[in-house]
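To keep things clear, I will list the structure first and then write my remarks on it.
The values are calculated or read from the model by the stated rules, or taken from the named source; none is laboratory data. All of these numbers come straight from a predicted model, not from anything done at the bench. Reconstructed Cβ throughout: ideal geometry from the backbone, glycine too, with neighbour counts over all protein chains shown. Note: areas computed on protein heavy atoms with side chains; ligands, DNA, RNA excluded. Shrake-Rupley method; radii C 1.70, N 1.55, O 1.52, S 1.80 Å.
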Amino acid sequence: MDLDVLNMFVIAGGTLAIPILAFVASFLLWPSALIKIYYWYWRRALGMQVRYANYDDYRFCFSYRGRPGFRPSILMLHGFSAHKDMWLSVVKFLPKNLHLVCVDMPGHEGTTRSSLDDYSINGQVKRIHQFVECIKLNRKPFHLIGTSMGGNVAGVYAAQYPAEICSLSLVCPAGLPYPTDNKFLKRLRELKESERIDRIPLIPSTPEEMADMLKLCSYVRFKVPQQILQGLVDVRIPHNEFYRKLFLEIADEKSRHALHENMSKIKAPTQIIWGKQDQVLDVSGADVLAKSISDCQVHILENCGHSVVVERPRKTAKLILEFFALVHNTENNKKLA
């Protein structure tokens, strides 16, 4: 073989080998870095741009796609210890001409974290309202979506700022009382009585605890490699002290049933989506909300747990779009009548 041709193959092989070796090294040595790269890649692939908004000395981090237009904007609130990128699996199935905004909740990811901040549900509602004002999202009513803790915040927000919300989607929201405690709630009560707050199941510190949390939150059994479990833990460990403080705050008396205390004030058309096999927040909460909110539709997803957004992203997006279209077509027809 000609020496120049041989050199070309060697150079080409070396060029390919470098990213492959970097990927393997990241997977084996720095799995947390690989997870961050994964989210960065999917944000770019889906056209989501990251921006910051300041309210006095407080900074909100958010991602967005599209621009405000004829149809209402959509604001998405994530759950406890998650971040704005948890919505990417749903964003993938939403039209690119919708104006979408995903914000890091107070204290999470790129949004300011302060030991002086109020992380109760009402405190978080006030912060999200500041964010909405910052980016002028409330120039006209918008569609609000929240899941779990974010669902609790979204519901209370809709009750306290009814003029700003044109429609509401709550995905297995927290903030409701239940007739009987499930295993998870019983476990939390035991931990509280024994003062073992370092053992909260939603705040893992080892790969094994992470695997247990995934089993708790999902009906679908994902086969997650040990290295990825380690990466997921490595990403969370620096924030676990904050997560414990936050969990105690939202589980406190003044926040635990915040949605239940405010649900009768919700006037916007509301959609409830819940996994039938939810082991964290019992699916009976859907019926509690449906009986109190006058304009409400409920969707119970079979073979689905608490992590509805992750387990059934395509179905979740489809239900949100159908509800969104139904509500706003009806509203437009009223205006034309």
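Only residues that are part of a helix (DSSP H, G or I), open to solvent by less than 20 Å² (accessible area, probe 1.4 Å) and more than 20 Å from Phe247 (Cα to Cα) were counted in the stretch 71-97, giving 5. Of all the residues in the stretch 114-151, those that are open to solvent by 10 Å² or more (accessible area, probe 1.4 Å), among the small types (Gly, Ala, Ser) and either out of contact with any Pro (no Cβ under 8 Å at 6 or more places or on another chain) or not in a loop (DSSP other than H, G, I, E, B) (or both) number 2. Of all residues in the stretch 281-293, those that are under 15 Å from Ala158 (Cα atoms) have Cβ atoms under 8 Å from Cβ atoms of residues that are open to solvent by 20 Å² or more (accessible area, probe 1.4 Å) and in a helix (DSSP H, G or I), 6 or more apart or on another chain, in Ser292/Ser264; Ile293/Ser264. Considering only residues of the stretch 206-252 that are surrounded by 16 or more Cβ atoms within 10 Å (Cβ to Cβ) and among the aromatic types (Phe, Trp, Tyr), which is nearest to Ala174 (Cα to Cα)? Ranking the qualifying residues of the stretch 206-252, first place goes to Phe247. Tell me, please, whether a residue that is closer than 25 Å to Pro201 by Cβ, open to solvent by less than 10 Å² (accessible area, probe 1.4 Å), free of Cβ contacts under 8 Å to residues at least 40 places away in the same chain and in contact with an Asp or Glu (Cβ under 8 Å, 6 or more places away or on another chain) can be found in the stretch 100-112. Yes.
Mind counting the residues in the stretch 45-60 that are more than 14 Å from Glu133 (Cα to Cα) and free of Cβ contacts under 8 Å to residues at least 60 places away in the same chain?
First pass over the stretch 45-60, keeping only residues more than 14 Å from Glu133 (Cα to Cα): 45-51, 57.
Filter again for free of Cβ contacts under 8 Å to residues at least 60 places away in the same chain, leaving 45-49, 51, 57.
Looking only at that region, the number is 7.
If you check Ala154, Ala163 for being of a type outside the set (Asp, Glu), open to solvent by 50 Å² or more (accessible area, probe 1.4 Å), in a helix (DSSP H, G or I) and under 30 Å from Gln297 (Cα atoms), only one passes: Ala163. Take the conditions modelled with pLDDT of 95 or more, within 18 Å of Val103 (Cβ to Cβ) and either in a helix (DSSP H, G or I) or out of contact with any Asp or Glu (no Cβ under 6 Å at 6 or more places or on another chain) (or both) and apply them to Tyr39. Does it pass? For Tyr39, the condition - modelled with pLDDT of 95 or more, within 18 Å of Val103 (Cβ to Cβ) and either in a helix (DSSP H, G or I) or out of contact with any Asp or Glu (no Cβ under 6 Å at 6 or more places or on another chain) (or both) - is not met.
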